[in-house]
Every structure is written in C-alpha cells, then in structure tokens.
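Just below is one structure, and these are the notes that go with it.
The values are calculated or read from the model by the stated rules, or taken from the named source; none is laboratory data. Predicted, not measured: the structure shown is a model, and the values here were computed from it. Glycine also receives a Cβ, built like all others from the backbone with ideal geometry; neighbour counts cover every protein chain displayed. With ligands, DNA and RNA removed, areas are computed over all heavy atoms of the protein, side chains included. Shrake-Rupley method; radii C 1.70, N 1.55, O 1.52, S 1.80 Å.
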Amino acid sequence: TSLAKADLLVLDDYGLEQLDREKRHDLLEILEDRHGLKSTLVTSQLPVDLWHEQIGDPTLADAILDRLVHCAHRVKLKGESMRKMKANLTSMQPTR
C-alpha cells in the first residue's frame, strides 16, 4: 500500500536477476496500483527489448511491460560510466 501511495517509486538497477513467480506477481500488483496515478522511474543496464525475457512468464511480462512502457519517457544514455570516469580522475591526481 505504501508503494502505491509514493509520489515517485524508483526501481534502480532493474533486471540484475530473473524474476521468480512471487516477484513477478508483486511487481505487477505494485505497477497496477500506480498505473496512471503516480510516477515510476526505472534505471537499468539491461536493454528494454530484453526485459520480457528477464521477467520470465510471457503473460505477466506483457502486463508488466504494458504498464511500464506504454506512457514512458525513455532516456538512453551513451558513453562511459560516470563512476568509472570519476574513479580514473581521482586515481590519476598526484598526492601531496
């Protein structure tokens, strides 16, 4: 209930592992409760065209993706990870 009421739900690093039956049902229920009412932000390194397979069950995957992707604004980033770039900058600076 609290996830349905949050103005913004952030699913960070989505797709790191395949969803089991319980997780698929939970995700669908959460997204159904929020659909058209509240915002959901999903970050992932897994391309959207692989999400269907990652979810597992074809029927639930269709339902979940319909709620996630239907009215989505997609931003695809290019280039090197900022974490990697900042780590290189930090390690290259001389120590005093």
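Out of the range 1-53, which residues are open to solvent by less than 80 Å² (accessible area, probe 1.4 Å), on the phi < 0 side of the Ramachandran plot and among the acidic types (Asp, Glu)?
Asp20, Asp26, Asp33
Which of the helices (runs of 4 or more DSSP H) contained wholly in the range 16-96 include at least 2 residues that are in contact (Cβ under 8 Å) with a residue 12 or more places away in the chain?
Output list reads 21-34, 51-55, 58-69.
If only one of Asp49, Asp57, Asp62 is out of contact with any Asp or Glu (no Cβ under 7 Å at 6 or more places or on another chain) and closer than 15 Å to Lys23 by Cβ, which one is it?
Asp57
Output the residues belonging to the range 45-92 that are at pLDDT below 90 and β-branched (Val, Ile, Thr).
Within the range 45-92, Val48, Val69, Val75, Thr90 meet the criteria.
Restricting to the range 76-88, and then to whatever is farther than 20 Å from His52 by Cβ and open to solvent by 100 Å² or more (accessible area, probe 1.4 Å), can you tell me which residue is nearest to the chain's Cα centre (by Cα)?
Among residues in the range 76-88 that are farther than 20 Å from His52 by Cβ and open to solvent by 100 Å² or more (accessible area, probe 1.4 Å), the one nearest to the chain's Cα centre (by Cα) is Leu77.
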